[in-house]
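Each remark here refers to the structure printed beneath this line.
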Amino acid sequence: MEYFSGLSEFIKMTFAQAIIFAAIAILIFLYGMIGALQKWGSGVTGYGLEPQAGQKGSAIRFLKTWWSQVREASHAPHAKPLLEVLIFDVLFQRRILKRSSLRWIMHFSIFAGWMTLFALSGMMFTVEMIEKLGIELPFTTAQFRDFLSFPNYIFGYLLLVGVLIAIVRRLFITEVREASIMYDWILLAGVFIITITGFWADGIRNGLIWGLGLNPMTAPPAALFHSVISLLFCIAAVPYTKYIHVIATPLAILANKGGE
């Protein structure tokens, strides 16, 4: 396989090795998610019930229970149609907007930026894999990468805005600062570093201002660093940190039919 990226002439990663590393990150994520589902499904046969003593948790049991809860008709006053809940409560997070406009901008920017950049990376990966399999496309990978450049900038800046708001809130809003622990700062710093290194690597490659005037030859190491920490922090580590709420919260909202 051709040269993909590297820290030096002697420490480099081929495309095949990058794929293997990405697969490992995904497997770590899946292992953690299965553990989380087992924990959530420990002996629970319905929402609001206590786990049965001595009963081993089951991811399948949790998913079945969750799905039956989603499908079940609710007569609660707060209950909304499932599609409305998915669009307004999960995607556009209207419950946060009702509480605080600033918090909504922060949460929505991070959520939309993170998820969209992940989707765009997945699209780029798919095109690269199709090319490696020898399937002809009406465009080259370089052309597709250029096509994704603009949305990558837009959602990269959106993510950066959300992260900066989170940092400002933790520094200058007393109740937020007092409730923050080192663990919170480490998680926030991780997202900030990933966002900045993405701009940095792109700036070096294209000679833009945020490349800090570095030699374009340093673009591969910068891209490698960004790719590795993104896979480890934004995929592999999610089930093991509080960032699992990006999965747990939508599941709870959908099962609860929206509302408070």
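Just so it is clear, none of the values below were taken in a lab; they were calculated from the coordinates. Keep in mind that what you see is a predicted model, and the values were worked out from it rather than measured. FYI the Cβ positions are ideal-geometry reconstructions off the backbone, even for glycines, and counts take in every protein chain you see.
Modelled label positions at L214 and S42, each set 7 Å beyond Cα in the direction of Cβ, lie 4.4 nm from each other. Each label point was placed 7 Å from the Cα along the Cα-to-Cβ direction; for Y240 and I26 their separation is 2.0 nm. With the alpha-carbon atoms of the chain aligned to their principal axes, the span from lowest to highest coordinate is 61, 46, 37 Å, starting with the largest.
If you fit an axis through the alpha-carbon atoms of helix 245-255 and take the longest principal axis of the Cα set of the chain, what angle between them do you get, 0 to 90°, nearest 10? Orientation of helix 245-255: about 40 degrees from the principal axis. Per-residue ellipticity at 222 nm computed for the chain from its helices equals -21500 deg cm²/dmol, with DSSP H segments shorter than 4 residues left out and the rest contributing -39,500 (n - 2.57).
Comparing F15, G203, L82 along the charge dipole axis of the chain, the residue lying farthest to the positive side is L82, per the Cβ-charge model. Ordering S42, S101, S68 by the number of other Cβ atoms within 10 Å of each residue's own Cβ, fewest first, gives S101, S68, S42.
For the range 156-260, the gyration tensor built on C-alpha atoms gives a prolate shape. Its axis ratio a/c (a ≥ b ≥ c) is at least 1.5, and a/b is the larger of a/b and b/c. Under a model in which nothing but the beta-carbon of Lys, Arg (+1) and Asp, Glu (-1) is charged, the range 166-260 shows a dipole of about 80 debye around its Cα centre. Neighbour counting of Cβ atoms within 10 Å sorts the residues H107, H245, fewest neighbours leading, into H245, H107. Taking Cα atoms only, the orientation of helix 219-231 departs from the longest principal axis of the chain by about 10 degrees.
Taking a Cβ cut-off of under 15 Å around Y153, the surrounding Lys, Arg, Asp and Glu residues balance to a net charge of 0, with basic ones at +1 and acidic ones at -1. Compared with the dominant Cα axis of the chain, that is its longest principal axis, helix 101-132 is turned about 50°. Farthest towards the positive end of the charge dipole of the chain, among the residues S109, N256, V191, is the Cα of N256, using unit charges on the Cβ of Lys, Arg, Asp and Glu.
A simple charge model with +1 on the Cβ of Lys and Arg, -1 on the Cβ of Asp and Glu and nothing else charged puts the dipole of the range 81-255 at about 560 debye relative to its Cα centre. Over 18 Å apart: what share of the alpha carbon pairs of the range 102-207 falls there, rounded to a whole percent? Taking all Cα-Cα pairs of the range 102-207, the fraction more than 18 Å apart is 57 percent.
GNM on the chain, alpha-carbon springs under 10 angstrom: the most fluctuating residue among G35, G134, G198 is G134. Checking the Cα-Cα distances for K39/K242; K98/K257; K98/K242; K80/K242 against a 25 Å cut-off, the pairs over it are K80/K242.
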